[in-house]
Amino acid sequence: MISHPQESGRALDYVATAPHLSHSPILVLLAWAVVALPAAWGIYMTARTSVQLFKPTPAAAATTPTLTNPTPAQTPIPANNNR
Amino acid sequence: MAALSLLDKGRAVAPPNYNRWLVPPAALAIHLSIGEVYAFSVFKIPLTHAIGITYQSPADWKQPTIGWIFSIAIAFLGLSTALFGGWLERVGPRKVMFAAACCFGAGFLIGAAGVHWHQIWLLYLGYGVIGGIGLGLGYISPVATLVRWFPDRPGLATGLAIMGFGGGAVIGGPLERFLMSVFSGPNSVGVTGAMIVMGLLYFAFMMFGVFTIRTPPPGWRPEGWVPKQQAAGGMITSRTVAWRDALKTPQFYLLWLVLCLNTTAGIGIIEQASPMIQDMFKGKWSAASYAAAAGTGFVGLLSLFNMGGRFFWSAISDYVGRKSTYFCFFVLGVILYALVPFTGLQKWNSIALFVIFCGVLISMYGGGFATMPAYVRDLFGARDLSQIYGRILTAWSVAGIAGPALVNYIRKSQVDRGVPVTNAYSTVLYLMSGLLFLGLICNALIRPVSESAYTAEAAPAGPAPDTLNRANVPSTPPTQAKL
């Protein structure tokens with residue numbers, strides 16, 4: 001097994017070897033699995049969180065939108081909202 | 001230091017018949033890690049309670065103070081891509097990816113120290129500066145290698161890698177929430193422990209990419225692929241423009257503007273996504289907690305659109321061309337940004353339409369990043385791709401500061417003038433539409449570079465040879481089975 005081509009000065013000579021380990025489709029699948037599994041976990045967790053956007057909630061009382069203070073924080077802060 | 005010789009450029013050259021589909025996972029490992037930066041906002045609120053724990057004490061950091069951490073990181077991302085593109089070409093991707101892993105991991109650890117000792121400058125230095133350098137090194141290091149492995153499908157290849165950057169937030173957000181829940185307690189919001197674990201995890205994951213990456217041997221090309229000769233006036237060159245000459249072409253600056261305008265428009269929405277949906281539909285939810293949950297859900301959806309768009313649009317560009325792809329971004333973007341204000345509570349009152357419009361817009365934001373390397377390669381060739389693309393990425397630094405600043409400042413000025421908060425985003429959204437119209441013009445002006453810009457040396461017919469390994473190209477180039 002060679003790790004890089006052998007230079008001959010005329011052309012590159014590639015030493016014939018047994019099929020290289022990098023040929024193995026299993027190795028390719030394994031490499032993809034290493035990155036695909038955490039990505040799949042993240043996609044699943046994110047999709048699960050995204051569903052909250054469309055979850056029915058108790059209807060708000062009818063209101064006319066009014067001027068308020070600057071945007072509330074992503075989670076409610078009990079006091080001292082200094083945003 | 002024999003171990004460090006494993007990082008040498010020559011040690012990363014692929015053996016004959018190497019399966020090129022082993023290379024994208026290496027790139028993805030890097031990009032899935034550094035893409036966490038888009039999820040850093042998950043730490044924002046907890047960091048404002050780092051001392052008070054259950055409330056924001058007077059000694060706690062304010063949100064604008066914390067907001068600078070992200071901005072510094074993005075600024076240093078752009079700067080480091082510009083500075084280190086040449087280094088990447090000299091030393092190869094493996095060494096640069098290793099440096100990226102060290103910087104990104106160290107950024108988390110130094111940042112964790114900053115949280116523990118409540119020293120904001122350590123967060124700025126750690127996650128911002130050092131982590132930002134890691135972001136830049138990690139961002140560019142696999143891209144040129146992928147373009148060389150996939151000269152027949154550069155959009156697909158770069159789309160795969162840069163999709164990983166969008167996917168990094170998809171992983172990083174839930175991971176941050178999970179780790180904070182593990183490490184939080186009566187005396188801690190859990191950020192310190194979460195950052196330490198994440199620094200170590202990401203370093204290990206990026207090392208998988210470091211030792212998996214390979215560069216193609218000199219003269220390699222996919223079996224059966226013959227590079228197309230550039231048609232007269234064609235947008236895809238088979239020649240080379242040296243990076244110093246590229247900087248003198250109008251095409252470089254037009255590409256810079258295209259990326260900056262597309263990014264500014266998108267990043268402004270990303271930074272404000274959660275508050276924006278809560279403001280535009282204020283009153284729709286009966287409790288702040290429901291609104292906050294909807295905001296979180298919206299941010300999650302946008303990250304999925306960002307991720308998917310990077311792959312989708314970049315892969316499509318292989319068939320329709322880069323200029324046409326960006327034409328689509330800008331035309332659709334002008335229309336959709338102008339329509340988003342109508343989806344709010346006081347007009348169409350449609351969350352579904354709002355989400356769809358924003359999702360498409362953010363998919364095109366991601367697509368703009370993923371398609372740009374192939375656009376650069378089309379115009380300037382592959383040889384100096386890292387140096388040229390690295391300098392174009394400074395547009396991201398500018399957009400990373402200008403986009404959120406524009407959105408925040410204009411929104412605040414609208415509210416201060418008495419505009420209802422449900423309508424406070426209209427002006428900024430129309431402004432984004434205008435920016436994208438400018439981008440449309442810049443993209444339309446892009447033409448093939450002039451003859452004088454091309455280097456005088458004989459053009460390589462295939463992928464650029466390894467510049468440090470000046471072996472003769474064999475008469476029968478090494479190929480691999482058609483995939």
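Tell me, which residue of the stretch B:144-175 that is surrounded by fewer than 24 Cβ atoms within 10 Å (Cβ to Cβ) and not aliphatic (A, V, I, L, M) is farthest from B:Trp220 (Cα to Cα)? If you could, list the steps in order and put the result at the bottom.
Taking the stretch B:144-175 as the starting set, the residues that turn out to be surrounded by fewer than 24 Cβ atoms within 10 Å (Cβ to Cβ) are B:151-153, B:156, B:174-175.
Keeping just the survivors that are not aliphatic (A, V, I, L, M) gives B:151-153, B:174.
Working: B:Pro151: 10, B:Asp152: 12, B:Arg153: 15, B:Pro174: 41 Å.
In this case the residue turns out to be B:Pro174.
Search the stretch B:87-128 for residues being not polar (S, T, N, Q) and not in a helix (DSSP H, G or I), and hand back the single one that is nearest to B:Arg383 (Cα to Cα). Show your work before the answer.
Narrowing the stretch B:87-128 to residues not polar (S, T, N, Q): B:87-118, B:120-128.
Next, only the ones that are not in a helix (DSSP H, G or I) stay: B:92, B:117-118.
On the way: B:Gly92: 13, B:Trp117: 47, B:His118: 46 Å.
Once the filter is applied, the top-ranked residue is B:Gly92.
Give the residues of the stretch B:37-69 that are more than 25 Å from the chain's Cα centre (by Cα) and free of Cβ contacts under 8 Å to residues at least 60 places away in the same chain, sorted by residue number.
If the condition is that a residue be more than 25 Å from the chain's Cα centre (by Cα) and free of Cβ contacts under 8 Å to residues at least 60 places away in the same chain, then B:Thr48, B:Gly52, B:Thr54, B:Tyr55, B:Gln56, B:Ser57, B:Pro58, B:Ala59, B:Asp60, B:Trp61, B:Lys62 are the ones that fit.
Go through the stretch B:1-58 and give me each residue that's within 30 Å of A:Trp32 (Cα to Cα), more than 10 Å from chain A (Cβ to nearest Cβ) and part of a loop (DSSP other than H, G, I, E, B).
B:Ala2, B:Asp8
Kindly check whether there is at least one residue in the stretch B:384-397 that is within 17 Å of B:Pro448 (Cβ to Cβ), in contact (Cβ under 8 Å) with a residue 40 or more places away in the chain and among the charged types (D, E, K, R).
Yes, that holds for at least one residue.
For the stretch B:303-356, give me each residue that is among the aromatic types (Phe, Trp, Tyr), open to solvent by 20 Å² or more (accessible area, probe 1.4 Å) and within 14 Å of another protein chain (Cβ to nearest Cβ).
Going residue by residue through the stretch B:303-356, those that are among the aromatic types (Phe, Trp, Tyr) are B:305, B:311-313, B:319, B:326-327, B:329-330, B:337, B:342, B:348, B:354.
Subsequent filtering for residues that are open to solvent by 20 Å² or more (accessible area, probe 1.4 Å) retains B:305, B:311-313, B:319, B:327, B:342, B:348.
Once the filter is applied, which keeps residues that are among the aromatic types (Phe, Trp, Tyr), open to solvent by 20 Å² or more (accessible area, probe 1.4 Å) and within 14 Å of another protein chain (Cβ to nearest Cβ), the stretch B:303-356 yields B:Phe305, B:Phe311.
What residue, of B:Pro222, B:Pro151, is modelled with pLDDT under 90, away from chain A (no Cβ under 14 Å), touching a Ser or Thr at 6+ places or on another chain (Cβ under 8 Å) and not in a helix (DSSP H, G or I)? Break it down stepwise before answering.
Working: B:Pro151 fails: touching a Ser or Thr at 6+ places or on another chain (Cβ under 8 Å).
One residue alone meets the criteria, B:Pro222.
Do we have B:Thr212 as within 22 Å of the chain's Cα centre (by Cα) and more than 24 Å from B:Thr371 (Cβ to Cβ) here? Working first, answer last.
Values: within 22 Å of the chain's Cα centre (by Cα): yes; more than 24 Å from B:Thr371 (Cβ to Cβ): yes.
Judged against the criteria, B:Thr212 is a match.
Against the condition open to solvent by less than 20 Å² (accessible area, probe 1.4 Å), of a type in the set (Ser, Thr, Tyr) and either under 25 Å from B:Ala399 (Cβ atoms) or not in a loop (DSSP other than H, G, I, E, B) (or both), how does B:Thr65 come out, does it pass? Walk me through it before giving the result.
Details: open to solvent by less than 20 Å² (accessible area, probe 1.4 Å): no; of a type in the set (Ser, Thr, Tyr): yes; either under 25 Å from B:Ala399 (Cβ atoms) or not in a loop (DSSP other than H, G, I, E, B) (or both): yes.
No.
The conditions are (1) part of a helix (DSSP H, G or I); (2) modelled with pLDDT under 90; (3) among the acidic types (Asp, Glu), and B:Asp378 fails exactly one of them. Which is it?
Exception for B:Asp378: condition (2).
Any idea which of (1) modelled with pLDDT under 90; (2) more than 27 Å from B:Ala14 (Cβ to Cβ) is the one B:Glu89 doesn't satisfy?
Failed condition: (2).
Right, B:Ser33: touching a residue at least 12 places away in the same chain (Cβ under 8 Å) and open to solvent by 30 Å² or more (accessible area, probe 1.4 Å) or not? Before the answer, list the steps.
Working: touching a residue at least 12 places away in the same chain (Cβ under 8 Å): yes; open to solvent by 30 Å² or more (accessible area, probe 1.4 Å): no.
When the stated conditions are applied, B:Ser33 does not pass them.
With respect to B:Gly295, determine if the residue is without any contact (Cβ under 8 Å) to a residue 24 or more places away in the chain and open to solvent by less than 10 Å² (accessible area, probe 1.4 Å).
Working: without any contact (Cβ under 8 Å) to a residue 24 or more places away in the chain: yes; open to solvent by less than 10 Å² (accessible area, probe 1.4 Å): yes.
Answer is yes for this residue.
Could you list all residues from the stretch B:247-273 that are buried (at least 24 other Cβ atoms within 10 Å of the Cβ) and small (Gly, Ala, Ser)?
Those that are buried (at least 24 other Cβ atoms within 10 Å of the Cβ) and small (Gly, Ala, Ser): B:Ala265, B:Gly266, B:Gly268.
The values are calculated or read from the model by the stated rules, or taken from the named source; none is laboratory data. A quick note: this is a predicted structure, and the numbers were derived from the prediction, not measured. When we count neighbours, we look across all protein chains shown, and the Cβ atoms used for this are built from the backbone with ideal geometry, even at glycine. Just so you know, the surface numbers come from the protein's heavy atoms only, side chains and all, with ligands and any DNA or RNA stripped out. Shrake-Rupley method; radii C 1.70, N 1.55, O 1.52, S 1.80 Å.
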